[in-house]
Protein chains: 2
Amino acid sequence: MSEIGVAPNCLDGVRVLDLSQFEAGPSCTETLAWLGAEVVKVENPKGGEPGRGLGSGPEPGADAYYFMIYNANKKSVTVDLKSNRGLTLVREMAKRADVFVENFAPGVIERLRLGWDELHALNPRLVYAQVKGFGQGSPYENNLAFDMIAQACGGTMAITGERDGPPCKPGPTLGDTGTGMLLAIGIPGALFQRHATGRGRRVQVAMQDAQLQYTRGAFVQHARSGQPALRNGAKSMAAGGLAPYGIYPCKPGGPNDYVFLFTSPNNPQHWRRLLEVVGRADLVDDARFATAAARAQHEAEVDALLSDWTRKHDKHEAMRLVGAARVPAGAVLDTGDLLAEPSFGERGIIQTMRHPRGELRMPTFPVRFDGAPSPVAPSPLLGEHTTQVFTDWLGMSASDIEVLRGEGTL
Amino acid sequence: MSEIGVAPNCLDGVRVLDLSQFEAGPSCTETLAWLGAEVVKVENPKGGEPGRGLGSGPEPGADAYYFMIYNANKKSVTVDLKSNRGLTLVREMAKRADVFVENFAPGVIERLRLGWDELHALNPRLVYAQVKGFGQGSPYENNLAFDMIAQACGGTMAITGERDGPPCKPGPTLGDTGTGMLLAIGIPGALFQRHATGRGRRVQVAMQDAQLQYTRGAFVQHARSGQPALRNGAKSMAAGGLAPYGIYPCKPGGPNDYVFLFTSPNNPQHWRRLLEVVGRADLVDDARFATAAARAQHEAEVDALLSDWTRKHDKHEAMRLVGAARVPAGAVLDTGDLLAEPSFGERGIIQTMRHPRGELRMPTFPVRFDGAPSPVAPSPLLGEHTTQVFTDWLGMSASDIEVLRGEGTL
């Protein structure tokens with residue numbers, strides 16, 4: 001644990017003016033904060049960004065867990081965007097910021113006169129980043145979008161679920177965080193370029209479009225077959241695929257008591273080693289299983305003989321025994337398993353946010369820099385950093401700030 | 001289409017020495033190429049990286065579609081890493097590179113004496129980036145990993161599938177590309193920092209760990225309930241969730257003929273507008289549906305009345321009609337629908353790779369810079385750029401290169 005506390009700090013000194021809300025934008029700016037940027041959320045003085053109230057939190061009236069998990073390591077200032085004085089303040093902040101991020105509904109940011117044209121004119125060095133549901137020029141560019149709408153329209157649902165069942169929504173929030181991560185690639189890229197050019201760029205990504213980046217395996221399937229890619233439970237998407245390839249039931253038979261087994265068609269040793277682990281070395285020369293093609297033809301028999309063994313072991317043991325034989329294996333872990341895994345805590349992959357209203361065990365940014373993870377700091381209370389940021393960024397005095405607070409601007 | 005052809009070029013002048021293979025590493029370096037970096041794949045003279053042979057391609061003997069889609073816009077040189085002369089060449093290249101990327105099995109890169117310690121000593125400015133299956137310090141750090149193993153062990157499968165069915169593998173390749181995208185955040189971050197420090201950093205991500213970044217919604221569920229997050233088909237993960245929230249069947253009833261419908265509990269207008277679209281304005285004041293909580297209690301009735309309407313429309317029409325009423329709606333689109341959508345081509349989200357061995361319609365990087373997408377260039381033929389790169393990077397003459405080729409080093 002000693003290394004937790006060493007921040008990646010790649011983006012030390014970078015100021016991010018963050019008008020984003022919910023998850024797609026905030027997951028991006030949280031990543032920038034984990035990389036060392038000073039991320040300042042600008043929030044409505046009346047209740048803050050809507051994510052603060054989305055579901056329950058550590059105690060009644062506290063910020064929601066949802067807000068906490070996507071807003072670690074940030075600062076919060078309150079500004080009333082319905083007042084001209086408030087908008088003027090945001091423009092003053094934009095002059096001193098390096099990055100601006102927003103994910104309002106289509107047209108809102110332009111109506112606030114905080115669009116690219118205005119802010120780029122005020123501060124040509126500003127990297128201006130936006131998430132929308134659908135891309136400019138899409139027939140749906142004015143539609144509302146949420147994670148699941150992006151996943152439906154972006155192709156992730158069509159390839160997820162049982163072969164003969166309806167589409168399922170992938171559990172990961174690819175529509176939101178999946179989009180935020182792509183924006184978080186573009187922003188440091190634009191900052192890097194600014195060293196040479198002195199100018200910021202407009203960086204945009206649509207949630208629907210972002211899904212295609214993660215589903216290219218399905219486009220490969222489509223190119224091979226000429227047909228839309230199919231879903232196939234936990235098995236390979238390809239028709240006439242691979243065996244073994246999929247999840248096998250383990251004891252005690254709970255909803256997530258499975259181990260994923262796979263043997264590479266390019267490495268015949270995998271299958272031989274697996275037969276030894278499951279005590280069926282007698283089948284090494286059996287013609288039904290001698291090649292990858294033969295195993296695919298006898299998939300039901302392959303699955304049966306492996307299940308006979310996996311049912312006698314719990315998933316952790318099955319993974320340990322198969323993995324130790326240098327055959328790919330993965331227990332199906334749920335959030336309970338992951339939170340209980342000591343190595344995640346030791347390595348700082350899961351950390352505890354020590355928030356004044358209660359704690360949250362949560363994953364932090366999984367990319368290490370010089371071996372160290374990003375330490376988690378609490379998500380900000382609403383307006384917690386108003387005085388600090390307006391003093392630092394705009395040189396305002398305590399009494400200036402009090403006046404603005406009194407008139408309801410902050 | 002006029003804007004296609006304007007590259008983002010954020011990383012112009014950045015040289016990437018790419019020893020990665022399959023998808024997790026290549027998806028990262030391809031993104032760097034799309035941002036303007038010169039990405040040079042170093043490949044085995046005998047057949048190249050194994051992804052070239054993974055499944056079929058546009059014609060027999062050609063590179064696989066799989067390789068094409070993850071290696072657009074890169075260069076290829078051949079170097080025999082089993083020869084000392086070859087390894088010396090790679091070290092010479094590392095002296096002149098800005099970024100090094102590898103995703104070999106655990107221990108391989110150190111055995112090649114191309115580990116962080118060696119290369120950092122040779123070139124302190126080098127950003128050294130690695131993908132492994134499991135993190136250093138994990139009990140499984142020496143295990144093999146593939147996309148589906150990372151998804152099983154990283155928690156994505158446990159939260160995907162029907163409530164009463166077994167876990168499903170999300171169709172998106174989060175284990176591979178999901179990991180590659182996080183590495184692609186860290187690399188420009190480290191390059192940005194290098195302007196100030198003059199030094200590169202070691203950037204590492206494990207495929208299992210990366211999954212947690214995309215599944216934080218499940219950790220929010222866990223924090224709320226104290227129990228492992230559940231899967232729930234296309235519906236909300238939360239027990240006693242939201243209605244409407246899910247997919248509704250459309251005509252003509254094919255496997256992907258569904259529309260996702262959702263009304264925000266925070267915006268009562270959504271439900272009212274939806275009732276109007278489906279011709280049931282008579283229910284606006286019905287107590288069974290008057291609040292989000294009431295609708296959740298009467299989920300089966302909500303689903304039935306919406307299905308009555310959706311079954312009379314195809315998914316595109318249903319999305320158009322509901323979306324136009326400012327209610328969130330998303331047709332479940334498959335790869336066929338996406339490839340057929342004109343707006344993707346017009347906006348450059350889907351482009352055609354014009355490869356000498358055949359074409360591939362494929363998604364490109366969905367992040368726009370100043371409104372323009374990254375243009376797709378062909379994946380390289382094996383060793384296509386050997387002469388060019390060894391001349392440019394190492395100042396070698398054509399005859400030097402011929403000698404190396406003759407002895408089998410290239």
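Here the Kirkwood formula puts the hydrodynamic radius of the stretch B:177-313 at 18.5 Å, using every distinct Cα pair.
Full extension of the segment from B:THR197 to B:GLU301, taken as 0.36 nm per residue of separation minus the current Cα-Cα distance, would add 31.2 nm. Packing-based ranking of B:330-341, B:65-76 yields B:65-76, B:330-341, ordered from highest to lowest mean Cβ neighbour count within 10 Å. Note the direction-averaged projected area, equal to a quarter of the hull surface, for the Cα convex hull of the stretch B:267-347, in nm². Computing the convex hull of the Cα atoms and averaging its projections yields 6.3 nm². Based on C-alpha pairs under 8 angstrom that are at least 6 apart in sequence, chain A has a relative contact order of 20 percent.
For the stretch A:63-193, the square roots of the Cα gyration tensor eigenvalues, ordered a ≥ b ≥ c, give a/c of at least 1.5 with a/b greater than b/c, which places it in the prolate category.
The modelled label-to-label distance for the pair A:VAL108/B:ARG85, using points 7 Å beyond Cα in the direction of Cβ, is 6.4 nm.
Arranged from fewest to most other beta-carbon atoms within 10 Å of their beta carbon, B:THR215, A:THR352, A:THR197 become A:THR352, A:THR197, B:THR215. Highest average first, the peptides B:278-288, A:203-213 ordered by how many other beta carbon atoms sit within 10 Å of their residues are A:203-213, B:278-288. Tell me the net charge near A:LEU112. Cut-off is 13 Å between Cβ atoms, A:LEU112 excluded, with +1 for each Lys or Arg and -1 for each Asp or Glu. Here the charged neighbours net out to -1.
Sorted from shortest to longest, the distances between the A:ARG405 label points of this copy and the other copies are 7.4 nm, with each point 7 Å from Cα along the line through the beta carbon.
Counting other Cβ atoms within 10 Å as a rough exposure proxy, the listed residues A:LEU54, A:LEU35, A:LEU126, B:LEU394 run B:LEU394, A:LEU54, A:LEU126, A:LEU35 from fewest neighbours to most. Each 20 Å bin from zero holds the following percent of Cα-Cα pairs in the protein assembly as shown: 16, 51, 29, 4, 0. A helix-only calculation puts chain A at -10500 deg cm²/dmol for mean residue ellipticity at 222 nm, using -39500 (n - 2.57) for each DSSP H run of at least four residues, averaged over all residues.
Label-to-label distances for B:ALA287 across copies, nearest first, come out at 7.4 nm, using points 7 Å from Cα in the beta-carbon direction.
For the stretch B:87-136, the average shadow cast by the Cα convex hull is 3.3 nm², which is a quarter of the hull's surface. Between 0 and 90 degrees, the angle of helix B:299-310 with respect to the longest Cα principal axis of chain B falls at about 80 degrees. Relative contact order of the stretch A:261-336: 37 percent, from C-alpha pairs under 8 Å at least 6 residues apart in sequence. Look at the alpha carbon pairs under 8 Å that are at least 6 residues apart: their mean separation over the length of the stretch B:109-267 gives a relative contact order of 24 percent. Normalised Debye scattering of chain B at q = 0.07, 0.09, 0.12 Å⁻¹ gives log10 I(q)/I(0) of -0.43, -0.68, -1.04, counting only Cα atoms as equal scatterers and leaving out solvent. Packing-based ranking of B:153-162, A:289-298 yields B:153-162, A:289-298, ordered from highest to lowest mean Cβ neighbour count within 10 Å. Inter-chain neighbour count for A:222-229: the average number of beta-carbon atoms from partner chains within 10 Å of each residue's beta-carbon is 6. Its Kirkwood hydrodynamic radius, worked out from the mean inverse distance over all distinct Cα pairs, puts the stretch B:261-410 at 20.6 Å. Relative to one another, the C-alpha centroids of the stretch A:214-246 and the stretch A:272-348 are positioned 21 Å apart.
Peptide A:264-270 is shielded by partner chain Cβ atoms: per residue, an average of 1 of them sit within 10 Å of its Cβ. Plainly put, the stretch B:28-81 has a radius of gyration that is 0.98 times its Kirkwood radius, both from alpha-carbon atoms, as the Rg/Rh ratio. What is the angle, in °, between the Cα long axis of helix B:24-34 and the longest principal axis of the Cα atoms in chain B? Nearest 10 is fine, range 0 to 90. That helix lies at roughly 80 degrees to the long axis.
Between helix A:315-324 and chain A there is an angle of about 70 degrees, using the helix long axis and the longest principal axis of the Cα atoms. In terms of other Cβ atoms within 10 Å, B:ASP80, B:ASP400, B:ASP176 run from fewest to most in the order B:ASP400, B:ASP80, B:ASP176. Shape summary: the stretch B:167-213 maps onto an equivalent ellipsoid whose semi-axes, from the alpha-carbon gyration tensor, are 29, 9, 6 Å in decreasing order.
Stretched out straight at 0.36 nm per residue, the stretch from A:ARG96 to A:ARG280 would grow longer than its current Cα-Cα span by 59.4 nm. Take B:PRO249, push a point 7 Å out from Cα through the beta-carbon direction, and compare it with the same point in every other copy: 2.8 nm, smallest first. The calculated Kirkwood hydrodynamic radius for the stretch B:1-112 is 14.8 Å, given to one decimal from all distinct C-alpha pairs.
For A:LYS82, the lysines whose Cα falls under 28 Å of its own Cα, not counting residues fewer than eight places away in the same chain, are A:LYS41, A:LYS46, A:LYS74, A:LYS95, A:LYS132. Convex hull volume per residue, computed on the Cα atoms of the stretch A:55-139, equals 139 Å³. Backbone N atoms of the stretch A:238-263 closer than 11 Å to the 7 Å Cα→Cβ label point of A:ASP314 belong to residues A:251-253.
None of the figures in this text is laboratory data; all of them are computed from the coordinates on show. What you are looking at is a predicted structure, and each value in this text was computed from that prediction instead of being measured. Glycine also receives a Cβ, built like all others from the backbone with ideal geometry; neighbour counts cover every protein chain displayed.
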